[in-house]
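Report on the structure given below.
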Amino acid sequence: MYILIGGAGLMGLGLAQQLLKLDHTVAIIDIDPLACRFAREKIGVMAFEGSAVSTTVLLEAGIRQADAVVATLRNDALNLALTTLSRSYGISHIVVRMRNREFIEAYRLAQASHIINTVDLAVTTMANAIEYPEVESMMHFEQGQVEVLKLPVPGDCYVAGRTVAQISQDPRFPNSSLIIGYQCHVCANLEIPNGSTVLEANSTILVVTRPELVHQVIDYMGIHASHLPTIEVSHPNL
């Protein structure tokens, strides 16, 4: 896919780098010549110097050929303008970074296909890290009605050595919960488990459940915060 990113800030550059790893063709637009130079020389993407809401620059960057546009500009007004312009060029896949929730209806009216509030994501992630220290990560779906948890399986926890079928048939395992992913070790591929899959010690699982059952799932498995390693983040992604 050819993906056009408006904005060469930390998010725009980080996203460009990640998309390159996924074998996409990426171009960035930014008014800062130094940011554009960095994008070309350090990341290896095409970079067009100028305003991402200029039709001249957008055409030069090949917006008519783009499969998707990402708006990560410095404010919501510019992101909204880029969304509207992208729609006018027939782009159907538009992802925007929203800074202020007051713009959400405007983005919807402009038909942005994905609206991502990075502040909300960061706050939610931090709150989850405090509320559920046993959970390595948590994803929300359907406006928070469904949670997907990434959980470790230490050797001394209750489910280690048991099959998925044994766990699902255990009356103590919370209803409306399901093990949907299994990774036997950190370097292994994520698998879709079946009933005979044994949850080995030091593996990782993905569990889908309802928000009100998160604590019950953790308690059932016998996982404690002391099992989790300390993770140090040296380079912010946002």
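Read the figures in this text as sums done on the coordinates, not as results from a lab. Here the structure is a predicted model, which means the values were calculated and not measured. No Cβ is skipped: glycine too gets one built from the backbone with ideal geometry, and neighbour counts run over all protein chains shown.
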Sequence of T125, T163 once ranked by neighbouring C-beta atoms within 10 Å, starting from the fewest: T125, T163
Positive-end residue of L58, A112, L34, charge dipole of the chain with Cβ unit charges: L58
Nearest-20 debye value, the chain charge dipole, Cβ charges on Lys, Arg, Asp, Glu: 560
Inter-part distance where region 91-146 and region 1-77 are each reduced to a Cα centre, Å: 22
Base-10 log of normalised Debye intensity for region 132-227 (one unit scatterer per alpha-carbon) at q = 0.10, 0.13, 0.21 Å⁻¹: -0.22, -0.38, -1.07
Förster radius 25 Å - calculated FRET efficiency between H24 and S88, Cβ distance, rounded to 0.05: 0.60
Residues in region 204-223 reached by a label modelled at E191 [backbone nitrogen below 13 Å; 7 Å Cα→Cβ]: 204-205
